[in-house]
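Undergrad: What follows is a single structure, and I will ask about it in a moment.
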Amino acid sequence: MLGEHDFRWFFTGYTTSLLGSAMAPVAVAFAVLDGGGGGTELGWVMAARILPVVLVLLAGGVIADRLGSRRVMLVSDVLRGAVQAVFAGLLATGRAPVWTMVVLVAVWGIGEGLFMPGLGALVPDLVRDKELLGDANTLLGMARSVATVAGPAAAGVVTAAQGPAAVLLVDAVTYGLGALALFRLRLALPAPRTADGERESMLGDLRAGWSEFRSRPWLWITTVQTGLFNLLVWAPFLILGPLTAQQDLGGARAWGLVMGVYGVGAVLGGLLMLGRRPERPLAVATVATLGWALPSGALAAGVALPWVVAGALVAGVGSAVCGTLYSTTMQRWVPPEVLGRVTSFGSLGAFVLGPLGLAGAGPMASRIGTPEVLLIGTLWQFAAGAVVLAVPAVRSRPWTGDGAPEAT
């Protein structure tokens, strides 16, 4: 895979920018706290980053299909790099009140919302041999997993030694390197999508993308599954897991071990997927999603830390397997001219309920208990996996696809 010129350049730039992106949230959190803010102010800043991503996703898919993924992603990297450079400068000079942080991270979120649909549509253009799409997605997933583990650790060291501004400056530089890599790609611009060369309106493009998305039951069913997973399983785990660790497992060090092993599991899952092309990829991916139930179930059961860590390891492996197979199946079965829009609908459906889960996990635990909320998520994940596996469009979806239209 790394022998292909375009993929090699993109992989290098993307991995570099991922590391900076994984470092930045730590710096932003300490910038808020060091500036005199508390939990409420930190919540405003974090929400200001997430909301624009959700709002911009669909437009990002349309723009990527119109102008080409590379061009949109390059602009996104430049925009996010500029934001982080300005943020670092304001912090270094002591002129970064909370309202400026909110504005800056909101623009940062806009850039992320533009980047995500383009990424899903770009990968097939980087790989000449479509049989290698799975390996390409596996390598990109491994890069994300490594960055998730290494980024926060590096950010903690740099923040302690030099302050949050230094971390954000590093992030700005990594975005610049990502933009340089995108600039070096040798990809053709997208062809007009209509016979007479005229383009549809933005709304018409969205309708066409939605039609393609909903015409594929395997796609919208797995998207619904992922969206409800983020609401009922992952969001409560991220909120109530640290609380449980603080009360019963030994505190922050125990929680850091759990999440670190989760990242290790994701890397191992990526290594497991290299060179593998299962005949029924969505069936394998759905089975892999069952692993996400294990760490929540272990916390709900009140077992010792090693069992929670073991559950996190299995969940991490499953995250890499299902992520690779979901992405590859979409890229093989969706026409390239609508892939950006279809990716944006999938991303929106997968993540739109996440903030609600993050906000509601604490209050719900106060009403019915932390173990009970985690147990609900565990049982839901097992039940959802069984239901999705029972759908023929998911269970029987083969590896090979030609992107042809499908009947509803």
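Undergrad: Go through the stretch 354-370 and count every residue that is buried (at least 19 other Cβ atoms within 10 Å of the Cβ) and either more than 12 Å from residue 229 (Cα to Cα) or hydrophobic (A, V, I, L, M, F, W, C) (or both).
TA: Summing the residues that are buried (at least 19 other Cβ atoms within 10 Å of the Cβ) and either more than 12 Å from residue 229 (Cα to Cα) or hydrophobic (A, V, I, L, M, F, W, C) (or both) in the stretch 354-370 gives 4.
Undergrad: Return yes or no: is residue 19 part of a helix (DSSP H, G or I), closer than 19 Å to residue 155 by Cα, in the same structural domain as residue 177 (by TED's automatic domain parsing) and without any contact (Cβ under 8 Å) to a residue 12 or more places away in the chain? First the steps, then the outcome.
TA: Numbers: part of a helix (DSSP H, G or I): yes; closer than 19 Å to residue 155 by Cα: yes; in the same structural domain as residue 177 (by TED's automatic domain parsing): yes; without any contact (Cβ under 8 Å) to a residue 12 or more places away in the chain: no.
No.
Undergrad: Next question. Does residue 83 satisfy being over 22 Å from residue 208 (Cβ atoms), of a type in the set (A, V, I, L, M) and assigned by TED's automatic domain parsing to the domain that holds residue 109?
TA: Numbers: over 22 Å from residue 208 (Cβ atoms): yes; of a type in the set (A, V, I, L, M): yes; assigned by TED's automatic domain parsing to the domain that holds residue 109: yes.
Criteria met by residue 83.
Undergrad: Further question on the same structure: For the stretch 92-148, name all the residues that are within 25 Å of residue 27 (Cβ to Cβ) and not in a helix (DSSP H, G or I). Can you show your working first?
TA: At the first step, the residues of the stretch 92-148 found to be within 25 Å of residue 27 (Cβ to Cβ) are 92-116, 119, 140-148.
93, 94, 95, 96, 97, listed by residue number.
Undergrad: Please list, ordered by first then second residue, the pairs with beta carbon atoms under 7 Å, 6 or more apart or interchain, first in the stretch 264-280 and in contact (Cβ under 8 Å) with a residue 60 or more places away in the chain, second hydrophobic (A, V, I, L, M, F, W, C) and not in a helix (DSSP H, G or I).
TA: Listed by first residue and then by second, the contacts come to 277/399; 278/399; 279/399.
Undergrad: Out of the residues in the stretch 22-45 that are assigned to a helix (DSSP H, G or I), of a type in the set (Gly, Ala, Ser) and at pLDDT 75 or above, which is nearest to residue 260 (Cα to Cα)? Walk me through it before giving the result.
TA: Applying the first criterion (assigned to a helix (DSSP H, G or I)) to the stretch 22-45 yields 22-34, 39-45.
From what's left, of a type in the set (Gly, Ala, Ser): 22, 24, 27, 29, 31, 39, 43.
With at pLDDT 75 or above added as a condition, the list becomes 22, 24, 27, 29, 31.
Numbers: 22: 13, 24: 18, 27: 19, 29: 19, 31: 24 Å.
Applying the filter and picking the extreme gives 22.
Undergrad: Now a separate question. Collect the residues in the stretch 249-259 that are in a helix (DSSP H, G or I) and more than 17 Å from the chain's Cα centre (by Cα), keeping them in residue-number order.
TA: We begin by selecting, within the stretch 249-259, every residue in a helix (DSSP H, G or I); these are 249, 252-259.
249, 252, 253, 254, 255, 256, 257, 258 - these are the residues of the stretch 249-259 that are in a helix (DSSP H, G or I) and more than 17 Å from the chain's Cα centre (by Cα).
Undergrad: Also, I was wondering about something else. Looking at the stretch 211-248, which of the residues that are over 21 Å from the mean Cα position of the chain (by Cα) and surrounded by fewer than 17 Cβ atoms within 10 Å (Cβ to Cβ) is nearest to residue 301 (Cα to Cα)?
TA: My answer is 248.
Undergrad: Also, quick follow-up: Test residue 293 against the stated conditions and say whether it is over 30 Å from residue 125 (Cβ atoms), touching a helix residue (DSSP H, G or I) at 6+ places or on another chain (Cβ under 6 Å), in a helix (DSSP H, G or I) and modelled with pLDDT of 80 or more. Even if it seems obvious, please write down each step before you answer.
TA: Working: over 30 Å from residue 125 (Cβ atoms): yes; touching a helix residue (DSSP H, G or I) at 6+ places or on another chain (Cβ under 6 Å): yes; in a helix (DSSP H, G or I): yes; modelled with pLDDT of 80 or more: yes.
Against the criterion (over 30 Å from residue 125 (Cβ atoms), touching a helix residue (DSSP H, G or I) at 6+ places or on another chain (Cβ under 6 Å), in a helix (DSSP H, G or I) and modelled with pLDDT of 80 or more), residue 293 qualifies.
Undergrad: What pairs can you find where one residue is in the stretch 163-174 and of a type in the set (Ser, Thr, Tyr), the other is modelled with pLDDT of 90 or more and part of a helix (DSSP H, G or I), and their Cβ atoms are less than 6 Å apart, with a gap of 6+ or different chains?
TA: As it stands, the answer is 174/16; 174/17, since those pairs meet every condition given.
Residues checked against (1) modelled with pLDDT under 85; (2) surrounded by 15 or more Cβ atoms within 10 Å (Cβ to Cβ); (3) of a type in the set (D, E, K, R):
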site	(1), (2), (3)
332	yes, yes, yes
337	yes, yes, yes
341	yes, yes, yes
392	no, no, no
398	yes, no, no
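Undergrad: Being farther than 25 Å from residue 56 by Cβ and part of a helix (DSSP H, G or I): is that true of residue 153 here?
TA: Details: farther than 25 Å from residue 56 by Cβ: yes; part of a helix (DSSP H, G or I): yes.
When the stated conditions are applied, residue 153 passes them.
The values are calculated or read from the model by the stated rules, or taken from the named source; none is laboratory data. None of these values were measured; they are calculated from a predicted model. So basically every Cβ, Gly included, is an ideal-geometry build from the backbone, and we count neighbours across all protein chains shown.
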